[in-house]
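Every number in this text was worked out from the coordinates using simple rules, so none of it is lab data. Keep in mind that this is a model prediction, so the values were computed, not measured. Every residue, glycine as well, gets a Cβ built from its backbone with ideal geometry; the counts of neighbours run over all protein chains shown.
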Amino acid sequence: MSTIYIHWAYCLSKCHYCDFNSVSCNKDLDYRVWFYAYKRILQFYRKKFYKNEPIISIYFGGGTPSLLPSWFIASILDEINNTFNLDTNVEITLEANPKTIDKIKATELRSAGINRLSVGVQSIIDSDLKMLGRTHTAQEAKDCVFEMAEIFDNLSIDVIYNRPGQNLQRWKQELEEVLQYPISHISLYELIVEPNTKLKAMIDAGMLPRPDSSSEFFEATIKTARGHGFEMYEVSNFAKNKHYGKHNISYWRYEDYYGIGAGAHSRCTVNGHKVAIAQVSDNEKWLKWAMETENPALDEEVLTEDDEFKERLIMGLRSKFGIKLDIISERIKAKYGLENKLKKLRANSYIIHKGDDVVLTDEGIMKLNLIVRYLTEKCV
Ligand SMILES: C[S@@+](CC[C@H](N)C(=O)[O-])C[C@H]1O[C@@H](n2cnc3c(N)ncnc32)[C@H](O)[C@@H]1O
Ligand code: SF4
């Protein structure tokens, strides 16, 4: 099983906190040329890496892929459908910014095959949306979610917490409100103040208070979400009635993914080894690369067994599905003293064993970064 990720690295404008590979776009694009470029690279990956395994998820992320015309999305999906082996229950997600989608477009996208929508709400407080550099109001975000719920059963929203100056009580109220929206899934991200962002500059200049990364916000978030019937199945992801996002689960299980678009990453298994591939991140350069070369050169790196182990651990421990111990070689287990370390973590109730899987408890999730660091330190 594997997944396909299509990255669209343009946005209406750049949000103050965002460090994703995306830039604002104020020019007309020739979408036919862009489509041709995506088609070429998709087919290049299919020939070079694809082993005819079922594709369980296709994800249009960004940037803002809801800026793309519906025919573009439909044509990409046709292209994938004609040449890859899609699972009968394939999940096809598109990330949408509330400013870039309405009911007409959503209906077109639904007909094109999109069966899951993820709307960037971020906050429902107007002053905070402004501080974050969002171009929509709280009412616009709310209206968008309610309209999209008429078209998509599988609807997710993104919200950011621990924002500068946010108070815990007000966050709980805000969260209570969004949890009552007609959604099946919610991603609740703790704000990361990324270097080289406008938000970081504003904080450094003393224009905004520096958020304190405290466990209080995380604990309240988990409790409130659970209280409204949302299960935490990953550090930042909560699902109602088991509407887990297949795409992310696949990442956390360390399955292969084919990432296409400026700055997209892939992990492909070649001769039993994971190969990490990164595509050039500048939009114009990516387009040139995709259009001009007969056999596009790729930035490929064959991961060592140690790299694979670390990635598998970092990804796996985030989710309630955990990591499979039987996949890890005896050499790596000995090198990192895994048996002893896991014993200690279990004694402190940070992990539990579910059959052959190791899963973090709530106490463990609170200390995720420390635990990952501990487990990935070599012993010999
Ligand atoms: C590609 S964007 C989603 C779709 C669309 N571009 C939008 O913003 O409406 C992915 C999500 O990552 C989250 N995110 C981005 N930068 C973040 C940061 N610095 N800290 C926490 N969450 C962040 C936001 O919630 C955002 O919706
Ligand atoms: S959060 Fe979304 S809309 Fe804002 S800059 Fe990042 S990718 Fe673009």
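A straight chain from Met1 to Thr293 at 0.36 nm per residue would run longer than the Cα-Cα distance by 102.2 nm. Run through region 324-380 and list the trypsin sites (Lys or Arg not before Pro) located in a DSSP loop whose Cβ has at most 13 other Cβ atoms within 10 Å. Answer by residue number: Lys378. The alpha carbon gyration tensor of region 2-251 gives principal lengths a ≥ b ≥ c with a/c of 1.5 or higher and a/b greater than b/c, which makes the shape prolate. With the gyration tensor restricted to C-alpha atoms of region 268-346, the semi-axes of the equivalent ellipsoid amount to 36, 14, 9 Å, longest first. Straight-line cross-link reach from Lys288 at under 24 Å between alpha-carbon atoms covers these lysines, not counting any fewer than eight positions away in the same chain: Lys14, Lys27, Lys39, Lys47, Lys48.
The mean of 1/r over all distinct Cα pairs in region 7-111, once inverted, gives the Kirkwood hydrodynamic radius of 14.9 Å. Subtracting the Cα-Cα distance of Asn340 and Gln173 from 0.36 nm times their residue separation leaves 55.8 nm of extension gain.
Separation of region 301-339 from region 1-56 is 29 Å, based on Cα centroids.
Filter the GluC sites (Glu not before Pro) in region 294-345 to those in DSSP coil with at most 10 other Cβ atoms within 10 Å of their Cβ, and list the result.
Glu294
The packing ranking, built from the mean of other Cβ atoms within 10 Å per residue, places the peptides 201-208, 19-26 in the order 19-26, 201-208, highest first.
Quick check on region 51-161: what are the equivalent-ellipsoid semi-axes from the Cα gyration tensor, as sqrt(5λ), descending, whole Å? The partial results should precede the final answer.
Working: eigenvalues 159, 36, 29 Å².
Computed over region 51-161, the values are 28, 13, 12 Å.
Test of understanding: extend the Cα→C-beta vector of Ile352 to 7 Å, then name every residue of region 200-242 with backbone N under 17 Å from that spot. Under 17 Å, as judged by backbone N against the label point of Ile352, lie 223, 226, 231-235 of region 200-242. Annotation: aspartates and glutamates with alpha-carbon distance below 12 angstrom to Lys310 (same-chain offsets under eight excluded): Glu377.
Give the distance, in whole Å, between the Cα centre of region 172-213 and the Cα centre of region 111-125. Here the answer is 18 Å between Cα centres.
Going by a ≥ b ≥ c, the root eigenvalues of the Cα gyration tensor, does region 305-380 fall in the rounded group (a/c under 1.5), the prolate group (a/b larger than b/c) or the oblate group? Because its axes are fairly even, with a/c under 1.5, region 305-380 counts as rounded. Indicate the gyration tensor shape class of region 227-380 (rounded, prolate or oblate), computed on the Cα atoms with a ≥ b ≥ c the square roots of the eigenvalues: a/c under 1.5 is rounded; otherwise a/b larger than b/c is prolate and the rest oblate. Note, shape of region 227-380 comes out oblate.
Qualifying trypsin sites (Lys or Arg not before Pro) in region 222-290, where qualification requires a DSSP coil assignment and no more than 12 other C-beta atoms within 10 Å, comprise Lys242. Measuring from each cysteine beta-carbon in the chain, the ones with no other cysteine beta-carbon under 4.7 angstrom are Cys11, Cys25, Cys144, Cys268, Cys379.
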